[in-house]
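Single-structure report; data block below.
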Amino acid sequence: MAMVANLQYGWTIFVNPIDARFHWGNKAIQVAFTLFILSETWLVPFEAYLADRFGPRPLVIVGAFLIALCWIIYSRAATLGMLYLGGIIGGIGTGLVYGTCIGNAVKWFSSRRGLAAGLTAAGFGAGAALTVVPLTRSLSANGYQATLFKFALIQGAVVLVAALALKKPPKGVVVRRSNPRLLQTEVDCTPAQTLSTGVFWIMYVAFVLVAASGLMVTAQLAPIATAFNIAKVPVTLLGFTIPALTFALSLNNLMNGIGRPVFGWLSDHIGRESTLFLTFLAEGFAVLALARYGSNPVSFVIVAALSFLVWGDIYSIFPALTSDQFGKKYASTNYALLYTAKGCAALFVPLGSVIALKTGSWFSTLLVAAIADVAAAFIMIGLVRPMRLRGMRKQGATALSPAD
């Protein structure tokens, strides 16, 4: 998971160098990121089905070769078509690794799904934090093409070796007891049954809103820092002095990784919807603060880090929430269906550049992202929670704690 993180979270540092070489424009280059997210997410249901049938190991091995091939193609791409092809291949490879690992985690730990998914997803969130500084240094010293090629081989090799250790949980683990603090069904819904429920589609809308907000910031962070004229301004925090953009990218990924298991653990105790309401609301205010105070390099680093701290929990709590609502038997495939919302959200990433171009600043883009976060917060607490309560009462399958 850590080794595929750069394909999403490291992308932003390559946008300006690619544009400087070919002058394709930010909007055209970001289509590659959108295609990456689309192919990463929309194929996950099929990949999850294969993982359920053949186990995680062969799928992640294939993913290792594809993620390496993605960055090799990026490094050699002389046309937008080649760049887009690389994005599609990388998305397929990342989806094979990401969807398989998350689906496997929620099966292993039924009573601590939030924490288990959070710790697994933390690799994807925080993994890039380990390599942002080496990436940026290599970028400055060797150029983006050599950097992409070298890291393609490293990342692909590590995923290949790690894949050999993966396995399905034994049946005795799958039937562990549920968490009595939470709304957890004993009924296993098939993917078709899951798609026929209203609560699934309400969850889907909330996922799209928050994922779009976060992906917009993720993909555009370097252009935003450049527009604020702070990208290379040295910032001193926590005893380190690093250029603002590099500092922000490293700290963002670290906080993203920390937030996933922390809020996943919290959701195991206070409920999924309550945790998502609080974090979505905090995310909205953090993005708004980035728009308002981001022109100050220190504020830029701090506020961006806070934004990523509370954003990444969608990738730990939603897998747990899906299993809670639709059962364990088809957990991988059912979450994979929900995860396609990230692909829908990616369609809005180029819109961020369009809004910024038309308004002459990134403020409007970030304002729209903040509004999406706040709307999703109230969807979770005002719609999803009541719908799930009614459904569980009809089933009569869950014992609620006093807190519920």
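Can you put Trp362, Trp42 in order of accessible area, largest first, using a 1.4 Å probe? Before the final figure, lay out each step's value.
Values: Trp362 30, Trp42 115 Å².
In descending accessible area the options line up as Trp42, Trp362.
Can you give the local net charge around Leu119? Use residues other than it whose beta-carbon is closer than 10 angstrom to its beta-carbon, Lys and Arg +1, Asp and Glu -1.
Details: positive: Arg112, Arg260; negative: none.
Cβ neighbours under 10 Å give a net charge of +2.
If you roll a 1.4 Å probe over the chain with all protein chains in place, what percent of the accessible area is carbon or sulfur?
Details: 10800 of 15350 Å².
Carbon and sulfur: 70 percent of the exposed surface of the chain.
Can you tell me the order of 22-31, 215-224, 294-303 when each peptide is scored by its average per-residue count of other Cβ atoms within 10 angstrom, highest first?
With the highest mean Cβ count within 10 Å placed first, the list reads 215-224, 294-303, 22-31.
With θ set to phi - 60°, apply the Karplus curve 6.51 cos²θ - 1.76 cosθ + 1.60 along the range 198-211 and write out the HN-Hα couplings as whole Hz, x wherever there is a Gly or Pro.
Values per residue, Gly and Pro as x: x, 5, 4, 6, 5, 4, 4, 4, 4, 4, 4, 4, 6, 4 Hz.
What residues qualify as long-range amide H neighbours of Leu237, i.e. H under 5 Å apart, gap of 5 or more or another chain, H built at 1.01 Å from N?
Here Ile242 satisfy the definition.
In degrees from 0 to 90, rounded to the nearest 10, what is the angle of the helix 244-270 Cα long axis to the longest principal axis of the chain?
On a 0 to 90 degree scale, this one is about 0.
List residues of the range 204-234, by number, whose backbone nitrogen lies under 20 Å from a label position 7 Å along Cα→C-beta of Val187.
Label zone hits: 204.
What full-extension length gain, to one decimal in nm, is calculated for Arg57 and Asn229 as 0.36 nm per residue of separation minus the Cα-Cα distance?
On the way: separation 172, 0.36 × 172 = 61.92 nm, distance 4.55 nm.
Separation in residues times 0.36 nm, less the Cα-Cα distance, equals 57.4 nm.
Nearest 500 deg cm²/dmol is fine: what mean residue ellipticity at 222 nm does the chain get from its DSSP H runs of n ≥ 4 alone, each adding -39,500 (n - 2.57), divided by its residue count?
Value at 222 nm, helices only: -25500 deg cm²/dmol.
Quick one: 3J(HN,Hα) in Hz for the range 330-338, Karplus 6.51/-1.76/1.60 with θ = phi - 60°, rounded, Gly and Pro as x.
Per-residue couplings from phi come out as 10, 4, 4, 6, 5, 5, 4, 4, 5 Hz.
Anything over 31 Å Cα to Cα? Flag those among Lys27/Lys232; Lys27/Lys168; Lys168/Lys342; Lys107/Lys150; Lys107/Lys342; Lys232/Lys358, in the order listed.
Lys27/Lys168; Lys107/Lys150
Can you order the peptides 338-345, 47-54, 116-123 by their average number of other Cβ atoms within 10 Å per residue, highest first? Intermediate values should be presented prior to the final figure.
Details: 338-345: 23.4, 47-54: 18.8, 116-123: 25.6.
With the highest mean Cβ count within 10 Å placed first, the list reads 116-123, 338-345, 47-54.
Could you tell me which label, among [x] 192, 50, 36; [y] 61, 43, 39; [z] 119, 60, 33, carries the value of Cα extents along the principal axes in Å calculated for this structure?
The calculated read-out lines up with [y].
Would you mind getting the accessible area per residue of the chain, heavy atoms of the protein chains only, 1.4 Å probe, in Å²?
Details: 15350 Å² over 404 residues.
It amounts to 38 Å² per residue over the chain.
Considering only Arg260, Arg112, Arg76, give the residue with the highest GNM mean-square fluctuation for the chain, with springs between Cα atoms whenever their separation is below 10 Å.
Arg76
If we sort 200-208, 157-165 on the protection proxy, mean other Cβ atoms within 10 Å, highest first, what's the order?
With the highest mean Cβ count within 10 Å placed first, the list reads 200-208, 157-165.
Residue by residue through the range 363-380, which ³J(HN,Hα) values in whole Hz follow from phi under the Karplus form 6.51 cos²θ - 1.76 cosθ + 1.60 (θ = phi - 60°), with glycine and proline marked x?
Karplus values, whole Hz, x for Gly and Pro: 4, 5, 4, 5, 5, 4, 4, 5, 4, 4, 5, 5, 4, 5, 4, 6, 5, 5.
Can you tell me how much longer the chain between Lys394 and Leu195 gets when fully stretched, taken as 0.36 nm per residue apart minus their C-alpha distance, in nm with one decimal?
Computed gain between Lys394 and Leu195 is 69.8 nm.
The values are calculated or read from the model by the stated rules, or taken from the named source; none is laboratory data. Quantities reported herein were computed from a predicted structural model and do not represent experimental measurements. Every residue, glycine among them, receives a Cβ derived from its backbone with ideal geometry; neighbour counts consider all protein chains shown. These accessible areas exclude ligands, DNA and RNA; they are computed on the full protein's heavy atoms, side chains included. Shrake-Rupley method; radii C 1.70, N 1.55, O 1.52, S 1.80 Å.
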